[in-house]
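Reviewing the structure listed below.
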Amino acid sequence: MSGHVLLEFAINVLSMGSLYALIALGLVFVFGICKLINFAYGEFITVSTYVLYFLGTFTDLPWPLVFLIGILSGVAIGFLSELTAFRPFRGRSLDALLVTSFAISVILQRIFQLGISPRSKAVPYPAFFNMNIELFGVVTPLRNILMIGTTAVLLIVLVIVMNHTTLGVAMRGASENFVTARLMGVPANLVISVAFIISGFLAGVVAIFWSARTGSVEPLMGSSPLLIGFIAVVIGGMHSLPGAVLGGYVYAFIANVLSLTLPTSVLSYRDAVMFVIVIAFLVLKPEGIMRGNYQEERVG
Amino acid sequence: MSKYSEKASGRAHDPLPADDLILQVSDLHVYYGSIQALHGVSLEVRKGELVSICGVNGAGKSTVLKAISGVLKPKSGSVRFKGMDVTGKKPEQLHKLGMALVPEGRDIFPSLTVEENLRIGAFGRYDAKRFAADLEDFFTLFPILKERYNQAGGLLSGGEQQMLAIARGLISHPDLLMMDEPSLGLSPNRVDQIFDLIVELKSRGITILLVEQNAERALKIADRAYLFSNGKVEFAGRPGDMTDRVDITSIYLGGHEGGDAE
């Protein structure tokens, strides 16, 4: 019995943590290169979710194709927002970029509200996605297992790209010292575009699994994953890609422990307890679990 | 030699063939916000030369390197590199054209390994075969890099980081290697090593523009030198002419680095 509880707990933490890790990674990829907290990231996820909704509701395209187009729409919105909105302000202050990201966020939300509908729409999913499967006596929706598997594959691919390709190495260098990387011949436009493309790609993957859980899409839905991403990043560390992943899993772990241990009368305050933990992190360990290497080298 | 005819026009005052002129900076004015850092600086570097820029802190030595390498945009004046007007080009474009900078404070990428640091140095000019051959060469020049090849750059000592920064600059096979205060903050032993290395690079025919506060050492190895003061070129010429003049040595070279004379 307790073995089953443990396995169920592990599956919950891993699947939720995988989703949160991808959300946090999407934020940190852009932050690492541009030092920009992209408040429009939640809307990248919303855009992808709407594409899933439209394709799933009004076309007969096969599911793999629907998911692929959904992900590519995340890539497109990431790439285009950088090209049209962020790039013209790049030489300016970080504040200008921050306000720009708010502007993109609000503009996209209004477009969804006025152009589509202010009300939420049901996102259709293939039946197998939410089918329950039994794993060593524990019943869980298949999407949880898919989520864990997809994240594992993506993380392996990202590790290979970031460590073993010249572009990946250049991006890690640029996130540590952007000017020096440019002096070594790394084109600023290239690494920033790629950072937004990866961020948009992750938003597209997140959209699939996020809306599979909620089953719907609405104009303001992006704020929840954005908030989760922030929390995961505060826990794990803003300056480190592994930190963001770790933060996602730690967040899911804490949230699940709270769900299991808090008395029912307090359970509705779970999010408040979560925020107390976040504040504690900000006070006690503001750099997060993994500090990253964004400061100067030691003097010797 | 055949390229010579392209460049013949327009610069009648130029005494040497234009092919020889790697870098030509003319009347450069650079501002940090509203503060003027360079007041009409002109200088040139010819193929195979080792040119030193000396002067006290705040004289504009680093600023001129930043303006040449594209980090700062000059308000007026021009930078010509290998005969092309490159004023206002981006750092990554200039790197591609054959400039390399060894930045002040080394600025290696601390969490990247020695190998990865070198790989970035070759970005855009990367060629796996040449990279491997260069490594062999570097390992004899900088044995420490071989030992530390897979370690994070941030774990190296200051002197080792400087070796790495220089190797990172060399690996792109630049036509002009610029070094900004390579001896800064190093122990006297390391300083000797760095200057020996610069001499070795020069003997290999590499064109070097060296910015150094340690004027005594820099003048000793330079073919020509520029003395900066308050954002202007105060003196230009052979190092010998400079050190002979008592007024210059006392005012600008100041003997403040005199402790490490050999």
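Structure values in brief
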{"read-out": "Output for the stretch A:181-217, where each listed residue is in contact with a strand residue (DSSP E or B) (Cβ under 9 Å, 6 or more places away or on another chain), surrounded by fewer than 24 Cβ atoms within 10 Å (Cβ to Cβ) and modelled with pLDDT of 95 or more", "value": "none"}
{"read-out": "Residue in the stretch A:190-208 that is under 15 Å from residue A:37 (Cβ atoms) and either part of a loop (DSSP other than H, G, I, E, B) or among the basic types (Lys, Arg) (or both) present", "value": "no"}
{"read-out": "Where residue A:297 falls short, out of the listed (1) under 30 Å from residue A:131 (Cβ atoms); (2) surrounded by 14 or more Cβ atoms within 10 Å (Cβ to Cβ); (3) at pLDDT below 90", "value": "(1)"}
{"read-out": "Filtered residues of the stretch A:81-105 (kept if among the polar types (S, T, N, Q) and within 14 Å of residue A:38 (Cβ to Cβ))", "value": "A:81, A:100, A:101, A:105"}
{"read-out": "Qualifying residue in the stretch B:80-90 (condition: within 11 Å of chain A (Cβ to nearest Cβ), surrounded by fewer than 22 Cβ atoms within 10 Å (Cβ to Cβ) and either part of a strand (DSSP E or B) or touching a Ser or Thr at 6+ places or on another chain (Cβ under 9 Å) (or both))", "value": "no"}
{"read-out": "Which listed residue is at pLDDT 90 or above and farther than 30 Å from residue A:172 by Cβ, from B:211, B:246, B:191", "value": "B:191"}
{"read-out": "Single unsatisfied condition, residue A:236 versus (1) more than 30 Å from residue A:171 (Cβ to Cβ); (2) touching a Pro at 6+ places or on another chain (Cβ under 9 Å)", "value": "(1)"}
{"read-out": "Helices (runs of 4 or more DSSP H) wholly inside the stretch A:36-154 containing at least 1 residues that are acidic (Asp, Glu) and surrounded by fewer than 17 Cβ atoms within 10 Å (Cβ to Cβ)", "value": "A:94-111"}
{"read-out": "Test: residue in the stretch B:106-121 that is free of Cβ contacts under 8 Å to residues at least 60 places away in the same chain, in a loop (DSSP other than H, G, I, E, B), over 12 Å from residue B:165 (Cα atoms) and at the interface with another protein chain (Cβ under 9 Å from one of its Cβ atoms)", "value": "yes"}
{"read-out": "Residue list for the stretch B:96-105, restricted to those being surrounded by fewer than 21 Cβ atoms within 10 Å (Cβ to Cβ) and outside any loop (DSSP other than H, G, I, E, B)", "value": "B:96, B:97"}
{"read-out": "Yes/no for residue B:62 being within 13 Å of residue B:210 (Cα to Cα), among the hydroxyl-bearing types (Ser, Thr, Tyr) and either touching a strand residue (DSSP E or B) at 6+ places or on another chain (Cβ under 7 Å) or more than 11 Å from every other protein chain (Cβ to nearest Cβ) (or both)", "value": "yes"}
{"read-out": "Residue B:75, sole failed condition from (1) touching a His at 6+ places or on another chain (Cβ under 8 Å); (2) closer than 21 Å to residue B:222 by Cβ", "value": "(2)"}
{"read-out": "Checklist (1) buried (at least 17 other Cβ atoms within 10 Å of the Cβ); (2) assigned to a helix (DSSP H, G or I) applied to residue A:221, failing item", "value": "(2)"}
{"read-out": "Any hit, the stretch A:162-184, residues being more than 14 Å from every other protein chain (Cβ to nearest Cβ) and part of a helix (DSSP H, G or I)", "value": "no"}
{"read-out": "Where a residue in the stretch A:204-221 is among the acidic types (Asp, Glu) and its partner, wherever it lies, is buried (at least 24 other Cβ atoms within 10 Å of the Cβ) and assigned to a loop (DSSP other than H, G, I, E, B), with Cβ under 9 Å and at least six apart", "value": "none"}
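Every residue, every condition in (1) touching a residue at least 12 places away in the same chain (Cβ under 8 Å); (2) on the phi > 0 side of the Ramachandran plot; (3) under 16 Å from the mean Cα position of the chain (by Cα), yes or no:
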{"residue": "A:5", "(1), (2), (3)": "no, no, no"}
{"residue": "A:24", "(1), (2), (3)": "yes, no, yes"}
{"residue": "A:62", "(1), (2), (3)": "no, no, no"}
{"residue": "A:100", "(1), (2), (3)": "yes, no, no"}
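The values are calculated or read from the model by the stated rules, or taken from the named source; none is laboratory data. Note that the coordinates shown come from a computational prediction; the quantities given were computed from them, not determined experimentally. With ideal geometry, Cβ positions are generated from the backbone for all residues, glycine too; neighbour counts draw on all protein chains shown.
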